[in-house]
Each structure stands twice: as structure tokens, then as C-alpha cells.
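The structure appears right after this line, and notes come after that.
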Number of protein chains: 2
Amino acid sequence: MGVVERKLRDLEKIKLQIIEQSWLIVEEEGWQALSIRKIADAIEYSVPVIYKHFENKDAIIAYFTRQGFAMMAEQLASAVDLNKSADDNLYNIATSYWKFALEHKKCYEIMFGLGIPQCEVVNSIKEMKATSTVMLTCISKCITENNVDQIDLYLKFKTFWSILHGIITIEFLSNQKTNPEEVSPILTDAIQGFIISLKHHHN
Amino acid sequence: MGVVERKLRDLEKIKLQIIEQSWLIVEEEGWQALSIRKIADAIEYSVPVIYKHFENKDAIIAYFTRQGFAMMAEQLASAVDLNKSADDNLYNIATSYWKFALEHKKCYEIMFGLGIPQCEVVNSIKEMKATSTVMLTCISKCITENNVDQIDLYLKFKTFWSILHGIITIEFLSNQKTNPEEVSPILTDAIQGFIISLKHHHN
DNA sequence: TCCATTAGTTAACAGTGTTAGCAAAATTAA
DNA sequence: TTAATTTTGCTAACACTGTTAACTAATGGA
């Protein structure tokens, strides 16, 4: 009779509760309101229990960062349709990125929330690689489809990502409630510009 | 005999010390290390003295935010040379922006430092207007010089700023020590793309 | 039943922002 | 000069934060 198994399940249940309740707090009151004591209150356990499941508070945040990148990678990947042109796919990836950022604002916030602490974390996240791979492969196809082989793939990739991230940050700063479904004209403009500049590259 | 004046000067001196020492702490240990008690220690006064000069800690941070935008506006303005073409000026503004961000990393950090709190602050800063005006006027000239009058100035402005900010954030995340004088190829690429897309707009 | 492990607790330490209340110093008025 | 008043700066507290040591109660196996 799997007593050990049940115990492990119970432990896992507490961990899930920590994650769940943490997320509730973040959604309602923002990241800076997330505190160990508040989580302990919410899961109706004492404070040290949390440290049995997460090394420290940063580990909890890191968990959401990883999860965020995993979700994003999935969403971007599902935006790609191999029957369409690479140009179209790139545009769809961009709008998909936009949608993700707006639908998961709080998530996107820590994923890229600058400040120094996050930097090292972000660079050591394998889930982040999945995200960038989706973009990289699509841009790579764009380059071959448009016969501009001399172009620097990695440069273009970074440019693409930078543009996307920049637009979203500026959007966040001008905090009008934006509908994720309505893609910003700025995004359309910038991405079209990006694709144009791809085609106009002289081999 | 201006006793009152001297007193005011003394008060001003303390305020300057608060600013000076705060900046030292931030430069050496980062924003999250800045605490009222640490400042008090550094200026060799007790904690409540600080509250005579700043309403609270946020006000100190807001001070640096304002100052940052003022400095940036100045630096961008000085990058403009009326003898040159608007296209060239726009490129120079971009590199100037890049230089500012890298030379004043800690400053740029709070100016655009994520979190929600900053959002409202940023939107209510007149020094920020000065910054955006420099960019706006230059893009406006680009549009007339290139005879693409049908274009949406404000849209292009936002796109331009988004691209710049995005590139810098990504640069910060991949925290290799970058030389501010060496402009990133990503920046050059993106800005050239931006200008190309301006010219290729169909009236 | 006794022992060992584990789960979960309380209570503390060191730090944070902020403020009330008090003492000393400086200025003004008499 | 003395008395009253304002200013200046301090101590100490409050209510938080993350983190951990030390203890108790419960559980599982021999």
C-alpha cells in the first residue's frame, strides 16, 4: 500500500498550492506584493514549509520565469503553419508574441523584468532556448525563401526580438488597457519594416 | 546678514549629499541595495532627516528618473546637426541613445525599469517630453525630406523608440560588457531597416 | 512499545520603509 | 539677558520583509 507514494503526492499538492496561491497574489497585487508570509497564510501552513519546496523566494520567481518561457515557446510554435510562407509565419509569430505578452502581462514582466538579478537567471534557462529556436528557424527560412543568403541570421534574429520586446515594453508603459486580439499598428508597421529590410538586403 | 539664506544653503547641502550618496550606493550595489538607513549612514545623519528632503523612498528614485530623462534629452539634442540630412540625424540620435543607455546603465534601468509603479511616474514626467520631442521633430523632417507625407508620424515615432528600447534591453540581458562607443550591429541594422521602410512607404 | 524519522510549529535575527514623540539647539521676543 | 518659540535632529517604535534555528508532535518501522 503506497504510503510513501501518497506522502509524495501530498507534498506535491502543497507545492502546487504554493504555486497556485503565489500566482493569485501576483495577479491581484503584483510581484512586489508577493511575500513568503502571504503565501504561508494563503496555503494555511507556517512559513518554513515553503522552504521545504523552494530554496528561497527567488526560486519561486524563477519557477514562474521558466514556466513563462515554456508557455511562450509553445504558443509561438503553434503560430507556425508550414503551409504558409516564411514571411507570413514570421508575422504570425510576432502577433502571437504580442498576444502572449498582453494575455500574460505579469508573466512577461518577470521574464524580462530587467533589473540585474534576473539577467543571470534568464541566460541560464533552457526553456528560453525553446522560445528563441522558434524565431530563429522561421527567420532562417525567410532568408532562404527570399534568396538573401549573405545575411547574418543571428543579427536578424536579435533585431527581430529586440523590436518585438521594445514595442511591448512601450505598450506596457503607456498603460491603456489593450485588447490582445487587436494587434498594435506599431507592431504591424515594425514587422513589415523588418521584412522589407530583409528583402532589400543586397547580396 | 543672510542667516536664513545660509540655513537654506545648508539644507540644500544635505539634500545634495542625499542625492550624491544615494547615487554612490546605486552605482556600487544596484537599485535594490538602496535603503533609507544606508543613505542615513552615508550622510551621517539620522533616518528621519531624509524625510525632510524627500517625501519617501520613491521620491528619491523619481528624482533620478527625472534627472535621467533630462540628461538624455540634452544628449539626444546635441546629436542633431542641422547641416546634415534628417536621415543622418535620425541615425545619430539612435547611436546617441545607445551611448546614453550604456554609459548610464543604472539610470536607464529606473527610467524604464519594469514594475508597474514606475509606469504612472514615467507618464507624468515633463523631462520625458523633452526626450520624445527631439525624436519626433527629427522623424517629422525625415518624412518631409523623403516625400512620404501620407505616413503616420506618431506611429513611426513610437516604432522608432520601441526598436531602440528593445535593442538596449536585449543588450542588457546578454550582459557582456559592451563598449558604448562601439555601436551594436543590431542597432545599425534595425535603424537602417527603419529608414528603408520609411522610404518604401507608398503614398 | 520504543526508537527514529519526518512534518510542522514558534520565535527569533537582521533587514526594510515610515513616523510619533522627545530633547537639544538656535532663533526670536520681551 | 532672559524667556518663549521655533527649528533640528535624535531615539525608538511599528509593521513589514526574507530566512533559519530549535523545538514539539505525529507518524512508521523494529
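The values are calculated or read from the model by the stated rules, or taken from the named source; none is laboratory data. The structure presented is a predicted model; accordingly, all values stated were derived computationally and were not measured. Don't worry about glycine lacking a Cβ; one is built from the backbone with ideal geometry, like all the others, and counts go over all protein chains shown. We work out accessible area using only protein heavy atoms, side chains counted, and drop any ligands, DNA or RNA first. Shrake-Rupley method; radii C 1.70, N 1.55, O 1.52, S 1.80 Å.
Summary table
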quantity: Among the residues listed as A:Ser96, A:Ser85, the single one being more than 14 Å from DNA strand C (Cβ to nearest atom), in the same structural domain as A:Lys126 (by TED's automatic domain parsing) and loosely packed, with under 15 Cβ neighbours inside 10 Å; calculated: A:Ser85
quantity: Residue satisfying all of: in segment B:29-52; away from DNA strand C (no atom under 12 Å from the Cβ) and modelled with pLDDT of 95 or more; nearest to B:Tyr108 (Cα to Cα) among these; calculated: B:Ile43
quantity: Helices (runs of 4 or more DSSP H) contained in segment B:1-106 and holding at least 1 residues within 27 Å of B:Val134 (Cβ to Cβ) and touching a Leu at 6+ places or on another chain (Cβ under 6 Å); calculated: B:3-29, B:86-103
quantity: Criterion: at pLDDT below 95, within 29 Å of B:Gln192 (Cβ to Cβ) and of a type outside the set (Val, Ile, Thr) - qualifying residue of B:Phe69, B:Phe100; calculated: B:Phe69
quantity: Positions within segment B:11-38 being touching a residue at least 24 places away in the same chain (Cβ under 8 Å) and either closer than 18 Å to B:His53 by Cα or of a type in the set (Gly, Ala, Ser) (or both), in sequence order; calculated: B:Leu11, B:Ile14, B:Lys15, B:Gln17, B:Ile18, B:Ile19, B:Ser22, B:Trp23, B:Gly30, B:Leu34
quantity: Residues located in segment B:164-184, provided they are open to solvent by 20 Å² or more (accessible area, probe 1.4 Å), among the hydroxyl-bearing types (Ser, Thr, Tyr) and within 8 Å of chain A (Cβ to nearest Cβ); calculated: B:Ser174
quantity: Test for B:Glu145: is it over 14 Å from B:Asn92 (Cα atoms), in contact (Cβ under 8 Å) with a residue 60 or more places away in the chain, surrounded by fewer than 16 Cβ atoms within 10 Å (Cβ to Cβ) and in the same structural domain as B:Thr95 (by TED's automatic domain parsing); calculated: yes
quantity: Residue satisfying all of: in segment B:185-202; more than 7 Å from chain A (Cβ to nearest Cβ) and not in a helix (DSSP H, G or I); nearest to A:Gln192 (Cα to Cα) among these; calculated: B:His201
quantity: Pick from segment A:6-28, criterion of a type in the set (S, T, N, Q) and within 16 Å of DNA strand C (Cβ to nearest atom), ranking: least open to solvent (accessible area, probe 1.4 Å); calculated: A:Gln21
quantity: Residue that is most open to solvent (accessible area, probe 1.4 Å), among those in segment B:30-59 that are on the phi < 0 side of the Ramachandran plot and within 14 Å of chain A (Cβ to nearest Cβ); calculated: B:Gln32
quantity: Contacts under 7 angstrom Cβ, first residue in segment B:65-91 being of a type outside the set (A, V, I, L, M, F, W, C), partner open to solvent by 70 Å² or more (accessible area, probe 1.4 Å) and part of a helix (DSSP H, G or I), 6 or more apart; calculated: B:Ser85/B:Glu145
